[in-house]
Amino acid sequence: MTDDVRTLAWAYLSRVAEPPCGEIAELVGEVGPIEASYRIAAGEISDELRERTAARRDIQAAEADLDLLERRGGRLITPDHDEWPTLAFAAFGGAAVRDRQQGRSPLALWAVGPARLDEVAERSAAIVGTRACSSYGEHVAADLAAGLAEQEVTVVSGGAYGIDGVAHRATLSVEGETVAVLAGGIDILYPAGHSSLLHRISNSGLLLTEYPPGVRPARHRFLIRNRLVAALGAATVVVEAGVRSGAANTAAWARALGRVVCAVPGPVTSASSTGCHILLRNGAELVTRAEEVVELVGRAGEFADEAPRPTGPLDGLSDAEKQVYEALPGRGTRSADEIAVASGLPPTAVLGPLAMLEIAGLARREDGCWKLVRKPA
């Protein structure tokens, strides 16, 4: 019975003021959620908090909200819950975010999906970017998301059109785990064109929001939501972004929270990559493939494999062998003495390299002289 009352109290507090509300968080810290809800409902609070809660104090929708959540197979995750990502949200206590008006930990989170939030935050990366993404941005975002998912990294994003949607879909395509953080109530799947995608996410991953049911998404809520996307990812990867964009805002939150900020470079002529290039100039990590992100968010000692490089016939040669090879004529033959003059090596020092070049199939001896053997391209 006490647990039910406690959950109702958290649900009431979630709606009574626009989140995040530092005054409510402080009151809960002092007296607990049940007593805090009683005091707020009765108006027995400070003048500042009374003003913050005046418009919604008398709305008693907690029971209905929880009933709706239960019908959708969801749950209310609160700080006294074992699923609460305590370590991830501890970053909200840092000076860089504490001074920001919206730099507070969420009071409670409405969630639908089988993934556990505390486990999600242990090994995750946020992938964000512009809604008006290019085909290049789509390709890179899909490659990054699928690559991360295949290495058991949860992909966090905002469920929006563009890069967000591409990242979610690519993760689902390889049966990976993805989290969509919403800017409205759990019952309002926005954008409407992504309702099917968001349903799929809720079936295997997690839909998450700090807003109670019925709250419509709004511009300021997207910007506030971005801090949760940043907090839940050990790194935030910006694939494409304008100078002023939601993705750039998420990157700013990530930096303030002490998270790694990564950016994907793009064409210098592309307005969609301008924000990424600014981030890179300001110290963001340049990433081009999933393995590089895993190196940043993975376990200790988990490093990216060396990127494959083009190989050529001269790669395994010593410096002396390369000098001798370059001294061979493009056409015709040269004697060992002539090769010594052309290479700058002593005559006695060219015979060993010539023999090695012959074994490698790069040179051939004819009538006491040497000629170049050209390898097919």
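The values are calculated or read from the model by the stated rules, or taken from the named source; none is laboratory data. The structure presented is a predicted model; accordingly, all values stated were derived computationally and were not measured. Cβ coordinates were reconstructed from backbone atoms using ideal geometry, including for glycine residues, and neighbour counts include every protein chain displayed. Surface areas here come from the heavy atoms of the whole protein model, side chains and all, with no ligands, DNA or RNA. Shrake-Rupley method; radii C 1.70, N 1.55, O 1.52, S 1.80 Å.
Summary table
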read-out: Neighbours by Cβ (under 8 Å, 6+ apart or cross-chain): first from the range 206-226, free of Cβ contacts under 8 Å to residues at least 60 places away in the same chain; second among the aliphatic types (A, V, I, L, M) and surrounded by 19 or more Cβ atoms within 10 Å (Cβ to Cβ); value: P217/L182; P217/A183; A218/A183; R221/A183; R221/V215
read-out: Tally of residues being free of Cβ contacts under 8 Å to residues at least 60 places away in the same chain, among the small types (G, A, S) and open to solvent by 10 Å² or more (accessible area, probe 1.4 Å) across the range 177-205; value: 4
read-out: Filter pass, S46 being hydroxyl-bearing (S, T, Y), over 25 Å from D118 (Cα atoms), touching a Leu at 6+ places or on another chain (Cβ under 9 Å) and modelled with pLDDT of 95 or more; value: no
read-out: Residue check for A108: open to solvent by 40 Å² or more (accessible area, probe 1.4 Å) and either touching a Ser or Thr at 6+ places or on another chain (Cβ under 8 Å) or of a type in the set (G, A, S) (or both); value: no
read-out: Unique match (being open to solvent by less than 60 Å² (accessible area, probe 1.4 Å) and touching a helix residue (DSSP H, G or I) at 6+ places or on another chain (Cβ under 6 Å)) among A340, A360, A349; value: A340
read-out: Among (1) more than 17 Å from S105 (Cβ to Cβ); (2) touching an Asp or Glu at 6+ places or on another chain (Cβ under 7 Å), the one test that S37 misses; value: (2)
read-out: Top-ranked residue in the range 260-277 [being open to solvent by less than 50 Å² (accessible area, probe 1.4 Å) and part of a loop (DSSP other than H, G, I, E, B); ranked as farthest from V229 (Cα to Cα)]; value: S270
read-out: Residue, surrounded by the fewest Cβ atoms within 10 Å (Cβ to Cβ), within the range 80-104, restricted to residues that are in contact with a Gly (Cβ under 8 Å, 6 or more places away or on another chain) and part of a loop (DSSP other than H, G, I, E, B); value: G94
